[in-house]
Amino acid sequence: MDGMKMDSMSTMPHLVSSTGIFKRLLSLLRPQARKIALGLILLFISMPAELFPAFVWMYVTDALIVGKPTAPSLFLGQWFSFGGRINGWPALLVSALAFMLVLYLMYELFSTLSRNVMERVAQRFILELRNRVYRKLQSQSLAYLQRQKTGDLMSRAMGDVDELQSFTVNGIDVIIGEGIMWFVTVAVVMALDWRVATASLAPLVVVYLLLKVFNRRVAPIYKAARDRAGDVSTRLQENLAGVTVIKIFGREKQEAARFRAATSGYYDQQIKAINARSLFFPFSRAAGFLTNVSMLGVGAYLILTNGGFTVGKLLMFRAYWWRLFGPIQTLARVNDMVQRAIAAARRIFEVLDAHDEMPDAADARRVDEVRGDLELCDVTFNYGNEPQRAQSTQREESDSTAPSSNNVVATADSHLRSTSSLSASVSSVPSVVPNVLDNVSIQISPGQTVALCGPSGGGKSTILNLLLRFYDPVSGSVTLDGIDVRQIQRDSLRSHFALVQQESFLFNESILDNIRYGHPQATMDQVVAAAHAANAHGFISALPNGYATFVGERGVRLSGGQKQRISIARAFLANPSILLLDEPTSSVEPDSEAAIIAALDRLMTGRTTVLTSHRPSLINQADVVYVIEGGRVIDSGSPNELRQRSEWFSRFMKSAEQPQEAEAVN
Ligand SMILES: Nc1ncnc2c1ncn2[C@@H]1O[C@H](COP(=O)(O)OP(=O)(O)OP(=O)(O)O)[C@@H](O)[C@H]1O
Ligand SMILES: [Mg+2]
């Protein structure tokens with residue numbers, strides 16, 4: 001149940017130091033430096049206006065009421081009397097109050113403008129950051145994405161970025177605004193009377209020390225809280241995606257319990273954080289209150305002993321007291337916000353910093369026209385030990401020490417313990433990984449249809465993955481028109497392929513948009529022609545909304561065969577030179593299989609096609625068949641040749657007529 005979790009930070013040394021992360025967060029704001037500068041200038045203008053009312057209090061008390069103006073009051077008297085043009089206390093009082101009001105209005109105006117600018121900065125920052133996370137995820141290799149938990153990634157892109165939002169929106173405004181204000185206030189009170197000022201400020205040293213202790217305590221808690229939020233999201237995502245399975249097997253209760261375990265894990269961390277805050281905040285408030293005590297004590301003492309302090313100054317100090325003490329509250333709050341932001345930023349940076357596992361070679365080129373000549377040459381491959389993975393944890397930077405306390409994360413359910421696999425640790429890969437493909441050589445000439453068949457798990461789909469360069473071989477090479485696919489820019493390479501899979505994925509958009517997904521500029525006529533060719537036009541036109549019909553999430557509103565025909569129409573319209581079909585008819589009924597095979601026939605015409613199938617009817621279409629078993633090519637030839645030669649193949653083909661044998665074959 002309980003256990004220690006090696007969290008991912010330990011594998012990403014540059015993400016260890018909180019200060020480093022904080023600095024990096026600030027550096028992300030650099031593109032907006034101008035706007036921030038504008039916000040700060042407005043803030044600076046508003047500041048004197050905000051500090052001004054306290055001076056009026058001092059003036060009214062010392063100069064008008066007590067009648068003993070001190071240095072600043074004398075100076076202000078010059079202003080309020082307009083250089084001596086106004087006399088007598090009623091006029092001076094009205095003048096002073098008018099100044100107070102006008103300056104307050106100035107403060108409101110400039111501080112509102114400043115806050116508006118800063119909030120825009122923060123929102124823009126969040127916008128850019130979220131899009132950056134998205135772009136990074138999109139550009140990641142399939143291997144990387146398959147190692148991640150979708151829900152956790154969603155939580156990073158949503159929850160963690162949101163956490164930064166409150167930091168940037170409130171944090172910057174408060175840190176910079178209140179921070180500068182605080183220093184200005186300190187300067188003013190120091191200038192007025194350093195003795196009372198020092199006495200008032202002394203207790204803040206205690207607050208500072210408390211803060212350091214608090215941060216050390218709370219940082220791992222906040223980190224864990226963000227990770228647990230990721231767990232909740234992971235569970236939610238998986239359960240929603242698997243809702244049918246849950247319902248069929250009646251596992252609602254158990255899944256609810258697992259979800260509860262995830263939310264409890266999050267709750268526990270929040271409680272820990274609350275406890276840490278409850279321990280810290282009263283002490284910091286108490287220290288703040290002490291400033292009140294020492295201010296009144298030392299101030300009164302100096303007045304009573306004629307130490308050169310006045311009642312007006314004391315009142316002014318008192319008016320500033322909340323300015324000196326308030327920021328301590330604010331500091332505690334802001335510090336808390338910063339700590340949370342750091343925890344969230346760490347998770348975001350883990351995504352942004354993840355090593356690009358399959359970058360294009362520096363000299364990779366675009367290939368605009370292809371003949372469709374494909375070759376796998378002596379390819380050996382496994383999923384577990386891609387050469388790229390070993391590099392993913394090696395970072396150039398390394399700063400500061402790894403806090404051991406960060407490893408403490410126990411959740412109620414060991415199943416939920418996030419492995420935070422973003423920086424896939426090398427140690428999790430067994431040293432000997434069996435190869436999925438072993439010295440596989442396949443030659444596909446332009447225009448040829450090649451079928452891959454063989455028992456399940458033999459490596460057929462893997463070969464398609466390598467052709468698309470979703471993965472790189474461990475050894476050997478994959479070439480297109482004689483060019484190693486690693487030398488071709490990935491988007492250029494993939495633009496020549498279309499892939500029709502067993503389960504076609506449709507977006508929750510209209511049928512029209514789904515068909516033209518690979519060719520958005522296609523005209524309606526072209527779309528209809530593609531649908532005709534895919535044997536889909538008939539059923540689409542029979543729908544009440546025709547091509548405008550929304551297909552539902554992942555196309556749930558369509559039957560398997562209908563979805564498949566739409567994905568074939570999509571491939572038609574994309575008009576690729578090379579067509580990859582991975583069990584395209586496996587999930588459809590024999591009735592609609594005929595329609596699909598007829599559509600595929602049309603689609604394959606004039607293109608290089610590589611298909612995998614357990615259906616003899618489709619294998620028969622091939623010019624050449626490769627039998628793949630256990631990651632090796634055990635035989636190849638035309639279907640007729642193989643029928644004579646290979647016992648496995650002839651049994652496999654016969655199973656078309658006697659489907660009950662199919663099980664034995666697969
Ligand atoms: N993403 C992956 N990560 C790790 N191992 C994988 C991955 N995909 C496939 N494998 C493994 O690779 C082997 C070959 O899988 P592949 O999907 O290529 O088989 P296949 O011949 O297409 O099987 P089928 O006929 O059932 O579709 C299997 O042992 C499988 O467990
Ligand atoms: Mg497969």
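None of the figures in this text is laboratory data; all of them are computed from the coordinates on show. These numbers come from a predicted model, not from an experiment. Here the Cβ positions follow ideal geometry from the backbone for every residue, glycine too, while neighbour counts run over all protein chains shown.
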Original post:
Using only the Cα atoms of segment 300-351, what do you get for the radius of gyration and for Dmax, in Å?
Top reply: 20.4, 65
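Got the relative contact order for segment 21-353 handy, in percent, Cα pairs under 8 Å and 6 or more residues apart? Display every interim value, and only then the final one.
On the way: 323 pairs, mean separation 91.3, N = 333.
The normalised contact order for segment 21-353 reaches 27 percent.
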Original post:
P(r) for segment 502-575: what percent of alpha-carbon pairs falls in each 5 Å bin, starting at zero?
Top reply: 4, 20, 34, 29, 12, 1
Original post:
Using only helices, what value at 222 nm comes out for the chain when you add -39,500 (n - 2.57) per DSSP H run of length 4 or more and divide by the total residues, to the nearest 500 deg cm²/dmol?
Top reply: -18500 deg cm²/dmol
Original post:
Looking at the square roots a ≥ b ≥ c of the eigenvalues of the Cα gyration tensor of segment 504-544, which shape do they give, rounded for a/c under 1.5, prolate if a/b is larger than b/c, or oblate?
Top reply: oblate
Original post:
Looking only at segment 53-72, which residues have a backbone nitrogen under 15 Å from a spot 7 Å from the Cα of Ala191 in the C-beta direction?
Top reply: 53-56, 71-72
Original post:
Points 7 angstrom from Cα along the Cβ direction at Gln254 and Val66: gap in nanometres?
Top reply: 7.9 nm
**OP:** Compute the Kirkwood hydrodynamic radius of segment 52-111, taking the inverse of the mean of 1/r over all pairs of distinct Cα atoms, and give it in Å to one decimal.
**Re:** 11.5 Å
**OP:** Of the options Pro359, Gly312, Val474, report the single residue whose Cα projects farthest towards the positive end of the charge dipole of the chain (beta-carbon charges: Lys, Arg +1; Asp, Glu -1).
**Re:** Gly312
Original post:
Which far-off residues, 5 or more places away or on another chain, put their amide H under 5 Å from the one on Val500, with H placed in the peptide plane?
Top reply: Leu580, Leu581, Asp582
Subject >> Ordering of 285-295, 307-317, 561-571, 79-89 by packing [mean C-beta count within 10 Å, highest first] >> reply: 561-571, 307-317, 285-295, 79-89
Subject >> Rounded to the nearest 20 debye, dipole of the chain from Cβ charges on Lys, Arg, Asp, Glu >> reply: 2940 debye
Subject >> At 1.002 mPa s and 20 °C, Stokes diffusion of the chain via Kirkwood alpha-carbon radius, µm² per second >> reply: 70 µm²/s
Original post:
What does a probe at His532 reach in segment 546-578, counting residues whose amide N is under 18 Å from the point 7 Å along Cα→Cβ?
Top reply: 547, 566, 568-575
Subject >> In nm, spacing of pseudo-spin labels at Ile176 and Glu108 (7 Å Cα→C-beta vector) >> reply: 2.4 nm
Original post:
In nm, what is the difference between 0.36 nm times the number of residues separating Leu352 and Gln489 and their Cα-Cα distance?
Top reply: 47.2 nm
Original post:
Given H placed on each backbone N at 1.01 Å, which residues far from Glu629 in sequence or on other chains put an amide H within less than 5 Å of it?
Top reply: Ile634
Original post:
Which values, in whole Å and largest first, are the semi-axes of the equivalent ellipsoid of segment 21-353 obtained as the square root of 5 times each eigenvalue of the Cα gyration tensor?
Top reply: 52, 23, 15
Original post:
Placing +1 at every Lys and Arg Cβ and -1 at every Asp and Glu Cβ, with all other atoms neutral, what dipole size does segment 502-575 have around its Cα centre, in debye to the nearest 20?
Top reply: 120 debye
Original post:
What is the spin-label model distance, in nm, from Asn508 to Ala594 if the labels are put 7 Å beyond Cα along the C-beta direction?
Top reply: 3.7 nm
Subject >> Ranked packing of 90-97, 341-348, most packed first, by mean Cβ within 10 Å >> reply: 341-348, 90-97
Original post:
Tell me, in nm to one decimal, what length is gained between Phe75 and Ile45 on full extension, where the rule is 0.36 nm per residue of separation less the Cα-Cα distance?
Top reply: 8.7 nm
Original post:
Rg/Rh for segment 209-262: what does it come to with C-alpha atoms and Rh from Kirkwood?
Top reply: 1.30
**OP:** Mind running the shape call on segment 213-367? Use the C-alpha gyration tensor, a ≥ b ≥ c as the square roots of the eigenvalues: rounded below 1.5 for a/c, prolate if a/b tops b/c, oblate otherwise.
**Re:** oblate
Subject >> Spatial separation of Cα centroids for segment 15-64 and segment 579-610, in angstrom >> reply: 66 Å
Original post:
For Thr380 and Ala300 in the same chain, what is the full-extension length gain: residue separation times 0.36 nm, less their Cα-Cα distance, in nm?
Top reply: 20.2 nm
Original post:
For the chain, which DSSP H helices look membrane-span-like by this rule: Cα extent along the axis of 27 Å or more and mean Kyte-Doolittle of at least -1.0?
Top reply: 33-59, 89-139, 173-192, 204-241, 252-304, 311-353
**OP:** Among the lysines, select those whose C-alpha is under 24 Å from the C-alpha of Lys313, and discard any that sit fewer than 8 residues away in the same chain.
**Re:** Lys68
Subject >> Sites Glu369 and Leu142, calculated FRET efficiency, Cβ-Cβ separation with R0 22 Å, nearest 0.05 >> reply: 0.25
Original post:
What are the residues whose amide H is under 5 Å from the amide H of Val436, where those residues sit 5 or more places off or on another chain and H is modelled from the backbone?
Top reply: Phe381, Asn382, Tyr383
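Could you tell me which of the pairs Lys23/Lys223; Lys460/Lys563; Lys149/Lys247; Lys149/Lys212; Lys149/Lys253; Lys460/Lys654 are separated by over 25 angstrom between their Cα atoms in the structure shown?
Lys149/Lys212
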Original post:
Hey, what did segment 243-356 get for relative contact order, percent, Cα under 8 Å, at least 6 apart?
Top reply: 22 percent
Original post:
Projected area of segment 449-539, taken from the Cα convex hull and averaged over every viewing direction, in nm²?
Top reply: 8.4 nm²
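Where does each of 483-492, 593-602 land if you order them by average Cβ count within 10 Å, highest first?
Those peptides, ordered most packed to least, come out 593-602, 483-492.
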